[in-house]
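Below is one structure, written out as structure tokens; the observations come after it.
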Amino acid sequence: MSNDQQTIGFIGLGLMGQAFTKRLATSGHRVMGFDRVPEKVGQAGAHGVIPATTAADVTTSSAIVHICVMTQKDLEAAVFGDDGIAAGASAGKILIDHSTTPVEVTKAFAERLERETGMVWVDAPISGGPPAAAAGKLAIMVGGSDDVVARVLPHLADLGDATHMGPIGSGQVTKMVNQVFVLNGFAILAEALALAEAGGVDAAKIPDALGSGYAGSAMLQKVWPRMLDRDFAPAGYLFQCMKDLDLMHDMARDLKVPIPMSSQTAALFRVMMSKGHGDLDAIALLKLYDRNEDV
């Protein structure tokens, strides 16, 4: 790896950040990373990520900086807080935000970052989870100006299939559409599995039996086997899904779009949260359907 190779920065080294940075490093990029939890920085160092002590240091050293954090509050702190991204930003640099954030917040943060520092923003939420990130097979929904997105699309190709959906905020709108499919899908799969098991069929054969019909989907093939095994170790956290369901509700309210299916799914997720299951995978929703499960 040459010393003059462009550095790629990454802020937020949780489940997704670890998979992201491992993929970038194994694809030949020089990656510098930061997380407010030092242990996560050390974990990323094991697959070649150069450790940084602040988000500002990452940004100073990088032409492109990725960020993937949990909440709007986390995003604001990482970008505009003490020693945040803005402190190391300058014209010509690009921030690629993989977080899921309200559209108007994304637009406001992007405008502020460019006005104060010259650094431009691309919203690029993702779907597929850590396994897809590690394999470079994410679905990436991109919002930003044509010229800036054209600069980052070749880079994003190392991470998955990126689609430019329109100006800033368009990626976040598309992510909400994605979550309508995915989060309702978790509830549907749980309901279907409970019915299959109660009916006495071999539930392990369902993906093969239904795969070539209208019920066939990536979720049926990838999520159903984990649900069947009651493998609730988080590939993504249930509490994150609850946050996204609340964002869907707010967007639908503002746009005056009815979302009765998603509202029912949100109620089921809220029951799981009330029982203390927020740190499990979203497929733990099956607990509500298991006859012998002490929810």
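Using the Cβ-Cβ distance between VAL177 and ALA108 with R0 = 25 Å, the FRET efficiency computed as 1/(1 + (r/R0)^6) comes to roughly 0.70. Put simply, the convex hull of the Cα atoms in the stretch 226-295 casts, on average, a shadow of 4.9 nm².
In plain terms, the C-alpha convex hull of the stretch 4-53 casts an average shadow of 3.0 nm² when viewed from every direction. Based on Cα contacts under 8 Å between residues 6+ apart, the chain shows a relative contact order of 13 percent.
For VAL223, neighbours were defined as the other residues whose beta-carbon sits under 12 Å from its Cβ, and their charges (Lys and Arg +1, Asp and Glu -1) total -1. Cross-link reach is defined here as a Cα-Cα straight distance under 20 Å, omitting same-chain residues fewer than 8 places apart; for LYS287 the aspartates and glutamates meeting it are GLU191, GLU197, ASP202, ASP229, ASP231, ASP279. Report summary: the helix-based calculation at 222 nm, which adds -39500 (n - 2.57) for every DSSP H run with n ≥ 4 and divides by the residues of the chain, gives -15500 deg cm²/dmol. Across q = 0.12, 0.16 Å⁻¹, the chain modelled as identical point scatterers on its alpha-carbon atoms has Debye log10 I(q)/I(0) values of -0.80, -1.28, in the order of the q list.
When Lys and Arg each count +1 and Asp and Glu each count -1, what net charge do the other residues less than 13 Å away from GLN240, Cβ to Cβ, add up to? Residues near GLN240 contribute -3 overall. Each semi-axis of the equivalent ellipsoid for the stretch 173-288 is √(5λ) with λ an eigenvalue of the Cα gyration tensor; in descending order they amount to 25, 17, 12 Å. In the stretch 7-167, the convex hull through the Cα atoms has an average projected area of 7.8 nm², a quarter of its surface area.
By counting other Cβ atoms within 10 Å of each Cβ, how are LYS205, LYS287 ranked from fewest to most?
Ordered by Cβ neighbours within 10 Å, fewest first: LYS205, LYS287.
Averaging the Cα positions of each part gives two centres, and for the stretch 247-284 and the stretch 26-71 these lie 31 Å apart. Relative to the current alpha-carbon distance between LEU210 and ASP231, full extension at 0.36 nm per residue lengthens the span by 5.4 nm.
Note: the stretch 116-218, Cα convex hull, 132 Å³ per residue.
Near the amide H of LEU138, within less than 5 Å, lie the amide hydrogens of GLY160, ASP161, all on another chain or at least 5 residues away, with H placed in the peptide plane. From the cross-link list LYS107/LYS243; LYS137/LYS205; LYS73/LYS275; LYS40/LYS222; LYS40/LYS93, which pairs have alpha carbons spaced over 21 Å apart? Flagged as over cut-off: LYS137/LYS205; LYS73/LYS275; LYS40/LYS222; LYS40/LYS93.
Projected label points at LYS275 and ARG253, each 7 Å from Cα along the beta carbon direction, are separated by 2.7 nanometres.
Laboratory data are not the source of any read-out in this text; all were calculated from the coordinates shown. Worth saying up front: this structure is predicted, and the values here are computed from it rather than measured. Cβ atoms come from the backbone with ideal geometry, glycine included; neighbour counts cover every protein chain shown.
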